[in-house]
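Every number here is computed from the coordinates shown, using simple stated rules; none is lab data. Bear in mind the structure is a predicted one, so any value in this text is a computation, not a measurement. Positions of Cβ are backbone-derived with ideal geometry, glycine not excepted, and every protein chain shown enters the neighbour counts.
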Amino acid sequence: MQHDKVLILDFGSQYTQLIARRVRELNIYSEIHPFNKIPTDIESYKAVILSGSPNSVRGEDALHPELKDIRTKKPLLAVCYGAQYLAHFSGGEVAPSSTREYGRANLSYIKDNEVFFENISEGSQVWMSHSDTIKSLPTNGVLIASTTDVANAAYKIEGEETYAIQFHPEVYHSTDGKQILENFLVKIAGLKQDWTPDSFVEETVEAIQAKVGNDKVVLGLSGGVDSTVAAVLLHKAIGENLYCIFVNNGLLRKNEFESVLKQYEGMGLNVKGVDASERFLKALVGLEDPEKKRKAIGNSFIEVFDDEAHKLTDVKWLAQGTIYPDVIESVSATGGPSATIKSHHNVGGLPDFMKLKIVEPLRAIFKDEVRRVGATLGIDPELLGRHPFPGPGLGIRILGDITAEKVRILQEVDAIFINGLKEWGLYDKVWQAGAMLLPVNSVGVMGDERTYEKCVALRAVESTDGMTADWVNLPYEFLQKTSNDIINKVKGVNRVVYDISSKPPATIEWE
Ligand code: XMP
């Protein structure tokens, strides 16, 4: 890694990943590590940021970072909990706040000639989210900004390159947040802004070539953005030694297998399409429990993939589209040792018996960066803009047991909904959309006939990472037209409902 790096120490804030993304939007590479696992090569980081936390510095569960190799040794920016930590344990005072300190606030005072606030004016909006407040600054603390309600909104430590802010520059509502991060990282800490999608592609291609050499690599394509970008990067690095397998599990969208396969072939990828629909449907017969269905689909995938991989000779590597959020170690609220690493679930996991070495070219980047890298690689914007689609596909959108007929019905409904979103210019405004086939029949009337047919639910959500989501306020006219089209065109459906639940508490998928 020839780039300047920023270390972000995570204290469990819901915004920590946002800090990393904002820093990277400045073309500066950043990594997140738990506050209690400071990397051993700390000297390779040029600046450090302390995140917020749900914990209080006054509580018994206060999180204590070991800052001896950091503070005074390198530029340090402490955000929210970080700012309170530096105050509380270095001669200042933190107390419960008496006024509401959540939401938008405006800077009412900025110290003159502060590089930290260069190009930012009084009145600038910042985002507050804390219940404690800094009553007095730590030893050598100098006040550099206030809001109307929060006197000690930002301070620096005299004689150090240490800055602390009570508000969250990473949150979109802090309108000059990115400028503040740039002032700190570029003007104060002197980092270079050279982490770009182009440099990522160039360096990753070299790294793959060095790692894999002339070995063969197998990769499971899913039709999604991550596996596609991973494949194109690998293909650029090792060409024909990349073997892609694209499995039709019979639970894809209407015509998706054929159209995506064609697209992959058009991109020059060496890809084998395997239609295993019947095998999957057979494994699902009679299963109603969502977890059992997921397991059956996952296991079938591994079997099919393994069969196909064994037909290739001398394959030594398995490539996966794992991305950075899948590998960031999470911090438990108590700071205890329960940190876990999430496993990637898009390709069903690695079967142990395959004994392949793993190559994950997207391990270091976020989803939005994957899209930018994909654009740099010349991948069709329509493919890059596709909504997320779960590995188990329509299998977790057909509630209860799955049959070929139910798959057909849902594929038709889903196609009308998704194509409608595209036609109405709504597709790109929605983060994810799909239809659910409910295990409910209801009475209707068509012509003079009584009907007793299926009910489908449409779902469209806005989100940034799928962890939380809001249902989308789609236009009534659109819903009216879509409902009409579905009921008129899809045999077996006589009722359409729209899901108006947000996550939490309702998940995006119904199963
Ligand atoms: P939920 O339903 O948990 O979904 O709110 C959050 C996001 O994850 C997707 N999802 C999955 N993706 N394999 C996947 O690859 C799965 O088993 C799976 N389950 C849910 C879901 O579509 C949404 O984007």
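A few remarks follow.
- Thr162 long-range amide H proximity, modeled H, under 5 Å: Leu76, Ile157
- Annotation: the antiparallel percentage among DSSP beta bridges lying fully within the chain is about 45.
- Gyration tensor (alpha-carbon) shape descriptor, the range 1-129, a/c threshold 1.5: oblate
- The relative contact order of the chain, computed from alpha carbon pairs under 8 Å that lie at least 6 residues apart in sequence, is 11 percent.
- Averaging the sequence gap over all C-alpha pairs within less than 8 Å and six or more residues apart, then dividing by the number of residues, gives the range 68-209 a relative contact order of 28 percent.
- Projecting the Cα atoms of Ala207, Ile144, Leu384 onto the charge dipole of the chain, computed from C-beta unit charges around the Cα centre, puts Leu384 farthest toward the positive end.
- Cα pair distances of the range 99-185 binned at 5 Å [whole percent]: 3, 15, 28, 28, 19, 7, 1
- Amide H contacts under 5 Å for Asp275: Asn248, restricted to partners 5 or more places along the chain or on a different chain, H placed in the peptide plane at 1.01 Å from N.
- Karplus-derived 3J(HN,Hα), 6.51/-1.76/1.60, for each residue of the range 108-122, Hz, glycine and proline x: 9, 9, 10, 4, 4, 6, 8, 4, 4, 10, 4, 6, 10, 10, 4
- For the chain, calculated [θ]222 nm from helices alone, where every DSSP H run of n ≥ 4 adds -39500 (n - 2.57): -9000 deg cm²/dmol
- Each peptide among 357-370, 102-115 gets the average number of other Cβ atoms lying within 10 Å of its residues, and from highest to lowest they stand as 357-370, 102-115.
- Span from the the range 462-511 Cα centroid across to the the range 219-283 one, whole angstrom: 28
- Considering only Asn119, Asn419, Ala105, the residue lying farthest towards the positive end of the dipole of the chain is Asn419, judged by Cα position with unit charges set on Cβ.
- Short-range pairs are left out: with C-alpha atoms under 8 Å and at least six residues apart, the relative contact order of the range 115-184 is 38 percent.
- The chain, dipole about Cα centre (Lys/Arg Cβ +1, Asp/Glu Cβ -1), debye to the nearest 20: 540
- One compactness figure for the chain is 1.10, namely its Cα radius of gyration divided by 2.2 N^0.38 Å.
- Scanning the chain for DSSP H helices at least 18 Å long along the axis (C-alpha atoms) with a Kyte-Doolittle mean no lower than 1.6 picks out nothing.
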